[in-house]
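The values are calculated or read from the model by the stated rules, or taken from the named source; none is laboratory data. Computed from a predicted structure; not experimentally measured. Cβ placement follows ideal geometry from the backbone for every residue including glycine, while neighbour counts extend to all protein chains displayed.
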Amino acid sequence: MVKPIHMNLLRGILEPTSTIATLNRTDIPPLKVKKDGKYLIRLINAGSDVHSIHTHGHHFKVVATDGRINPNPQVKDTISIAPGERYDLEFVADNPGAWPLHCHMGPHATHGMHTFIVYPGFEEKIMNHES
């Protein structure tokens, strides 16, 4: 079973609340995953800036674009998303640790557009991470 995580991109910040996240502040809780779990991250750019979302330690498949299923999903670790676009990214949590997930555009990550993909037992790694 794929566990969904929705991420709305808004004003350059990520704010997860249960399975919904909006990138819009700096005290963002991590995305908690379990080893070998299969997850779907739905990115929705509800803002006015282009963002380049990057995962460390994992690759993802782009399984849908703007609600349309991709018959041949591309495998990536970074995806650019323009205002109004939506992407569904599927990944398998197969690399235990605490891995950054953030925007690569200018100062977006340092202004709050970042979080972590974190496995059980690695929560303390986040405390010592410098953005």
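Results, tabulated for the structure shown:
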{"read-out": "Sole exception among (1) out of contact with any Lys or Arg (no Cβ under 7 Å at 6 or more places or on another chain); (2) surrounded by 17 or more Cβ atoms within 10 Å (Cβ to Cβ); (3) at pLDDT below 95 for His104, by number", "value": "(2)"}
{"read-out": "Those residues of segment 52-88 which are under 23 Å from Ile126 (Cα atoms) and either in a strand (DSSP E or B) or touching a His at 6+ places or on another chain (Cβ under 7 Å) (or both), in sequence order", "value": "Ser52, Ile53, His54, Thr55, Phe60, Asp77, Thr78"}
{"read-out": "All positions within segment 45-75 that are among the hydroxyl-bearing types (Ser, Thr, Tyr), touching a strand residue (DSSP E or B) at 6+ places or on another chain (Cβ under 8 Å) and over 23 Å from Gly97 (Cα atoms)", "value": "Thr65"}
{"read-out": "Extreme residue, nearest to the chain's Cα centre (by Cα), among residues of segment 24-51 that are in a loop (DSSP other than H, G, I, E, B) and among the hydroxyl-bearing types (Ser, Thr, Tyr)", "value": "Thr26"}
